[in-house]
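Remarks on the structure that follows.
The values are calculated or read from the model by the stated rules, or taken from the named source; none is laboratory data. Please read these numbers as outputs of a predicted model, since none were measured by experiment. All Cβ positions, even for glycine, are placed from backbone atoms using ideal geometry, and neighbour counts span all protein chains on display.
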Amino acid sequence: MVNSLTAGLLLCALFMINAVAAAEVKIYAAASLTDAITELADTYRQTHPSTQIKPVFAGSSTLAKQIANGAPADVFISADKDWADYLQTRSVLEPKSRVDLLENELVLIAPATHPLPITLDKNINLASRFKGKLCTGEPASVPVGKYAKQALGFYGWWDAIQTRLVGTEDVRSALAFVERGECALGIVYKTDALLTKKVTVIATFPAESHLPIVYPGGLTKNANPEAAAFWQFLQSKAALQTFARYGFKVAHQ
């Protein structure tokens, strides 16, 4: 009886020690990073079993505002520089930890069942080339939407298209609208378009048509040592090779 009680107490003590030892890292990352970060978090857990990686994915604007309002994030990765700047100017993101991690491309897509013969040419009228809506991120706040507005403006298409534009909360929502055929066209990142066979890439917007699509990230002021270690892991050669498999490019730092 005594031995059983002692063994039980020892097991409880070991459980409590393990619970205390387990570290939690909350990473808030742009929705376009969902698949790559999820895979990398699983990979990291294999060699760091006591570290719990808890990713939160959404539009960069949504995440930045949540963090600014006190959400317990340790790492933040944005799909543009504006929202990283937003947190840095509020002394939430540690400047010394900030790194431009990745780059992406902007593409025009259509449902795979209804591809459209559209070329990127300032001499054509895009609005007359399709019926229905064009989906992308909300141009006023969501990075992909801001890039899309710049690209449409570059070709002189913005004024005619904006009344037919559906602005979503993040790039994955825009992709889903096009997959379901609810939007005849969409503007998303190349990495998102590569994830599904339900859309067709019609064209890739040239780099000069919009600001560089850069993913800056860094540690928040409340980040723990485990978060710093995971952030370093995401910058490693192995992690960058994983990002590359999903279509991302290493940012020019």
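Details
- Residue count for the stretch 211-251, restricted to those that are over 18 Å from the mean Cα position of the chain (by Cα) and assigned to a loop (DSSP other than H, G, I, E, B): 5
- Listed by position, the helices (runs of 4 or more DSSP H) contained in the stretch 123-195 that have at least 2 residues being over 20 Å from Ser209 (Cα atoms) and either at pLDDT 95 or above or in the same structural domain as Asp35 (by TED's automatic domain parsing) (or both) are 171-179.
- Consider the stretch 74-90 and keep the residues that are more than 20 Å from Ala251 (Cβ to Cβ) and not acidic (Asp, Glu). The one that is surrounded by the fewest Cβ atoms within 10 Å (Cβ to Cβ) is Thr89.
- Among the residues making up the stretch 158-192, those that are under 18 Å from Leu120 (Cβ atoms) and crowded, with 24+ Cβ neighbours inside 10 Å are Val178, Leu185, Gly186, Ile187, Val188, Tyr189.
- Scanning the stretch 1-49 for residues that are outside any helix (DSSP H, G or I) and exposed (fewer than 13 other Cβ atoms within 10 Å of the Cβ), we see that the one that is modelled with the lowest pLDDT is Met1.
- Cβ-Cβ distances below 7 Å connect the following pairs, each with a first residue in the stretch 212-229 that is over 17 Å from Ala79 (Cα atoms), a second residue that is surrounded by fewer than 20 Cβ atoms within 10 Å (Cβ to Cβ) and of a type in the set (Asp, Glu), and a separation of six or more residues or different chains: Lys221/Glu94.
- Output for the stretch 50-78, where each listed residue is assigned to a loop (DSSP other than H, G, I, E, B), among the hydrophobic types (A, V, I, L, M, F, W, C) and farther than 20 Å from Phe233 by Cβ: Ala71
- Residue ID - nearest to Arg245 (Cα to Cα), chosen from residues in the stretch 51-73 that are surrounded by 23 or more Cβ atoms within 10 Å (Cβ to Cβ) and touching a Ser or Thr at 6+ places or on another chain (Cβ under 6 Å): Ser60
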